[in-house]
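Report on one structure; see the data block that follows.
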Amino acid sequence: MAKLKLLAAAFAALALAVSPLAVVAQDAAPATEITPATPLPDLPRNQELILGWSITSPIGVTNPWAIPGYTHQEGNVLMWEPLMYFGIFSDKEIPWLADSMEYTNADFTKLEIKLNKDAKWSDGTAVTSADVVYTFEGQMKNEKLPYHAHFDQFVASATAVDDLTVEVTFKIPAPRFKFEVLTEKFDTGIPIVPKAWMEAQADYNAAPGGIDIPHSGPYDLVAWNANQKIYNLREDWWAVTAGRIAAPAVKRVIYVNLGGQVGQNMDTIAQRIVNNEMDSALDMRSSVIGNILAQNPEITTHAGNESPYGYLDWWPNSLWMNTQLEPYNDPKVRRAMSLVINRELINEVLYEGAEIATIYPFPLYPGLQAFADSPEVKALEEKYQPGLYDPTQSEALMAEAGFAKNGDGLWEKNGATVNATIQGFEGIHSDIVPILVEMLRNGGFDASVNFGTDAYQNMADGTAGLYMFGHGASLKDPFEALNLFHGKYSASIGTSAGNNRFSRYNNPEYDALLDSIAPLSSEDPKFHEGAAKALEIYWRDQIDIPIIQWLHRIAYNQHYWKNWPTTANPAMGTNGAFWAQTGLLVVTSLQPTGAE
């Protein structure tokens, strides 16, 4: 325990030294902490995994249904498990709490789930069909839960056939439900929660969970304060008995709070990875990760030492805007801004010529690449030229929209310029956003940067300006990415927009297209036809301005731990982000190198 106290003190000093935001966050945090009843025994460094992440959630919140407050990204992913995982780089489902999930009829209106007989909660009780039904019915009935809209739209009933079998009946064909909702990957999908514990709470949305909540994952939360969270391995994890995975070698996971906004302080954190003091942290910018690879040959990335040092993430970034707010409610203005973005120059300056700039709201994984390469979509691309750089055409559109340039060379109408302040996050956008600001200002738009702590809230509130943010949605077909712009998610001005719903776009023509293809399999020609028409509207109306595919450049220190997922060593086929829903598989698959 003495060593843990020293570690906490060292990283607390780091946060205080490099980030004023961290001081504010710690002062504002609840004056409580989770401490073990007896001191934690010290473990050798080669049994501990030390990860860097910005921890901002309320201390003690481990309950997935605690709204607001819960996040899987700050270590809780090690406590909770889904029916299935998906390995993006193996393109395979990974059965977990469930041995199988199969549609039992041709129209995708019934789904049978078979649970693993060995699955258990941390209190030793079995995970049964009653827990699954309770999880599903909670999502159906409780509007606060994140997948309520999906369950409300599709699920008619969930029935426990026996202790290990659940039958789901859908209101309408639901060919994507098994994958999009019931399978965890990246940051989507639901965990199964314990019925007995949840039913015992007066209000499960307000119950933090803490160290007492039964969970099926292999690690128990044992300590949490403003500087770090600590999880210890529970040696009787059911998945080992079931043959899902070998016994984990990582006996303790320590999440060190980096302080401040996500992605800040990364230069200092990078040096600690170089020094073998940390094993991994949040993804880094190209210049930073290139430097640490040069300094320590034991560090690698998903792509090894090869540029661009990472893998294609599911989070392509656009410049979003509130399309209900003037002048962003005019498609001409939105298109004019896109026309001054030089995507070829972005590739050249930031990515050493790699084609990372994009015209799509979805990542180009194989199924989506096939859609993008289809004759119908290629014809639409030729028609709308969504990646075109043409400042002259931009000027013409702004003139049509009633704007004229003022003495400062900025477009102005009724005495107001076009506010193109880009809300973003310094730790992850410090390379791309300044370039976009320069391009926009050269095009006559009143651009600047806001990397302040209010950036995300400004996006959610729909303030004037642009929002650099991703589209976390599609992996296999384009439906979920296109569905981000459905009118049912269009929050009115004066209300908060949910994550990935910042555009507030509302178009009945677009909604009708999406509703018509929602019940169709992606193999259905009518699905492809409808999805292409929806993408046409996305380009035609310039709903947002697609900028770049997102890369995860994550440093993996191999001094103490090996078997990180890389191109050369896919491991379980998942992405390597330990904070994603598949992070449990990353951590439990690590193997010791033998270093003391």
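The values are calculated or read from the model by the stated rules, or taken from the named source; none is laboratory data. Note that the structure is predicted; figures quoted are calculated from it, not measured. Ideal geometry is used to build each Cβ from the backbone, glycine not excepted, and the neighbour counts take in all protein chains shown. To get the accessible areas, we keep the full protein, side chains included, count just its heavy atoms, and leave off ligands, DNA and RNA. Shrake-Rupley method; radii C 1.70, N 1.55, O 1.52, S 1.80 Å.
Let's see how each residue does on (1) of a type outside the set (Gly, Ala, Ser); (2) open to solvent by 10 Å² or more (accessible area, probe 1.4 Å); (3) part of a loop (DSSP other than H, G, I, E, B):
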{"position": "Ala249", "(1), (2), (3)": "no, yes, yes"}
{"position": "Val256", "(1), (2), (3)": "yes, no, no"}
{"position": "Ile273", "(1), (2), (3)": "yes, no, no"}
{"position": "Met278", "(1), (2), (3)": "yes, no, yes"}
{"position": "Ala294", "(1), (2), (3)": "no, yes, no"}
Return the total of residues in the range 71-83 being in contact with a Ser or Thr (Cβ under 6 Å, 6 or more places away or on another chain) and surrounded by fewer than 23 Cβ atoms within 10 Å (Cβ to Cβ). 2
Extreme residue, nearest to Arg45 (Cα to Cα), among residues of the range 551-563 that are open to solvent by less than 10 Å² (accessible area, probe 1.4 Å) and in contact with a Gly (Cβ under 9 Å, 6 or more places away or on another chain): Tyr556
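Going through Gly462, Gly452, Gly424 one at a time, which residue ends up being open to solvent by less than 50 Å² (accessible area, probe 1.4 Å), farther than 27 Å from Ala396 by Cβ, free of Cβ contacts under 8 Å to residues at least 40 places away in the same chain and under 26 Å from the mean Cα position of the chain (by Cα)? Steps first, please.
Values: Gly462 fails: free of Cβ contacts under 8 Å to residues at least 40 places away in the same chain; Gly424 fails: free of Cβ contacts under 8 Å to residues at least 40 places away in the same chain.
Residue meeting the stated conditions: Gly452.
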Taking the range 336-381 only, how many residues are farther than 30 Å from Asn442 by Cβ and either in contact (Cβ under 8 Å) with a residue 24 or more places away in the chain or touching a His at 6+ places or on another chain (Cβ under 9 Å) (or both)? 8
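When you check Ser57 against the structure, is it in a loop (DSSP other than H, G, I, E, B) and in contact (Cβ under 8 Å) with a residue 40 or more places away in the chain, yes or no?
So Ser57 fails the test.
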Could you please find all residues in the range 94-112 being surrounded by fewer than 19 Cβ atoms within 10 Å (Cβ to Cβ) and either under 17 Å from Ala577 (Cβ atoms) or charged (D, E, K, R) (or both)? Asp99, Glu102, Asp107, Lys110, Glu112
Against the definition (assigned to a loop (DSSP other than H, G, I, E, B), of a type in the set (A, V, I, L, M, F, W, C) and surrounded by 18 or more Cβ atoms within 10 Å (Cβ to Cβ)), how does Ala239 come out, yes or no? no
Among the candidates Asp408, Asp431, single out the residue that is out of contact with any Cys (no Cβ under 9 Å at 6 or more places or on another chain), open to solvent by 10 Å² or more (accessible area, probe 1.4 Å), touching a residue at least 12 places away in the same chain (Cβ under 8 Å) and assigned to a loop (DSSP other than H, G, I, E, B). Asp431
With respect to Glu509, determine if the residue is open to solvent by 20 Å² or more (accessible area, probe 1.4 Å), free of Cβ contacts under 8 Å to residues at least 60 places away in the same chain and not small (Gly, Ala, Ser). yes
Looking at Glu81, is it among the acidic types (Asp, Glu), within 19 Å of Leu584 (Cβ to Cβ), assigned to a loop (DSSP other than H, G, I, E, B) and touching a residue at least 40 places away in the same chain (Cβ under 8 Å)? yes
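Being among the small types (Gly, Ala, Ser), touching a Phe, Trp or Tyr at 6+ places or on another chain (Cβ under 8 Å) and either surrounded by 20 or more Cβ atoms within 10 Å (Cβ to Cβ) or more than 30 Å from Gly573 (Cα to Cα) (or both) is the requirement here; does Gly210 meet it?
no
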